[in-house]
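The values are calculated or read from the model by the stated rules, or taken from the named source; none is laboratory data. Bear in mind the structure is a predicted one, so any value in this text is a computation, not a measurement. Note: ideal-geometry Cβ built from the backbone for every residue, glycine included; neighbour counts use all protein chains shown.
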Amino acid sequence: MPRILMIEDNEMNRDMLSRRLQRRGFDVVLAVNGAEGIRMAQTESPDLILMDLNMPDVDGWEAARLLKQSPDTKHLPIIALTAHEAPGNRERLIATGCAEYHTKPVQLPLLVSQIETILKKLRSDVP
């Protein structure tokens with residue numbers, strides 16, 4: 001069962017999306033802010049990270065940058081989640097190392113498709 005680390009500061013968003021993903025067969029572990037998410041990325045062995053961009057403490061932009069700089073976590077695909085779509089965000093996030101970008105409110109079928117596509121590619125890249 002693929003393991004997803006969800007980094008989301010909003011409790012309602014965390015609860016709703018994690019339950020929906022679990023019903024789809026994913027093992028979901030939760031972090032409530034960017035700093036905790038960075039630590040959990042190193043200890044929880046996720047296959048993929050879903051990360052909100054707008055968080056207090058360490059925001060998603062900085063967390064993605066730090067995760068991609070670390071030899072221990074740079075291989076982890078990140079899907080950035082945001083309710084504040086802005087021109088150029090997707091391109092900037094891809095340049096930061098994120099695999100994909102998804103705007104809120106989450107469209108579950110599209111998000112699951114993005115997750116499955118990324119995980120399938122990872123499996124096909126393994127020798």
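Each residue in region 58-77 was checked for being in a helix (DSSP H, G or I) and either of a type outside the set (Asp, Glu) or more than 14 Å from ILE94 (Cα to Cα) (or both), and 9 of them qualify. Restricting attention to region 57-97, the residues that are within 22 Å of LEU108 (Cβ to Cβ) and charged (D, E, K, R) add up to 2. Give me the pairs: first residue in region 25-40 and more than 15 Å from GLU11 (Cβ to Cβ), second residue acidic (Asp, Glu) and not in a loop (DSSP other than H, G, I, E, B), beta-carbon distance under 9 Å, and six or more apart or on different chains, which are they? These pairs meet every condition: GLY34/ASP52; GLY34/GLU62. Among the candidates GLY88, GLY60, the residue that is under 15 Å from the mean Cα position of the chain (by Cα) and either at pLDDT below 95 or of a type in the set (Phe, Trp, Tyr) (or both) is uniquely GLY60.
Scanning region 95-127 for residues that are in a strand (DSSP E or B) and touching a Lys or Arg at 6+ places or on another chain (Cβ under 6 Å) yields one hit, TYR101.
Report the residue count in region 79-94 for those that are not in a loop (DSSP other than H, G, I, E, B) and not charged (D, E, K, R).
Matching residues across region 79-94 total 7.
Within region 1-19, track down each residue that is loosely packed, with under 15 Cβ neighbours inside 10 Å and either under 13 Å from GLU44 (Cβ atoms) or under 12 Å from the mean Cα position of the chain (by Cα) (or both). If the condition is that a residue be loosely packed, with under 15 Cβ neighbours inside 10 Å and either under 13 Å from GLU44 (Cβ atoms) or under 12 Å from the mean Cα position of the chain (by Cα) (or both), then ARG3 is the only one that fits.
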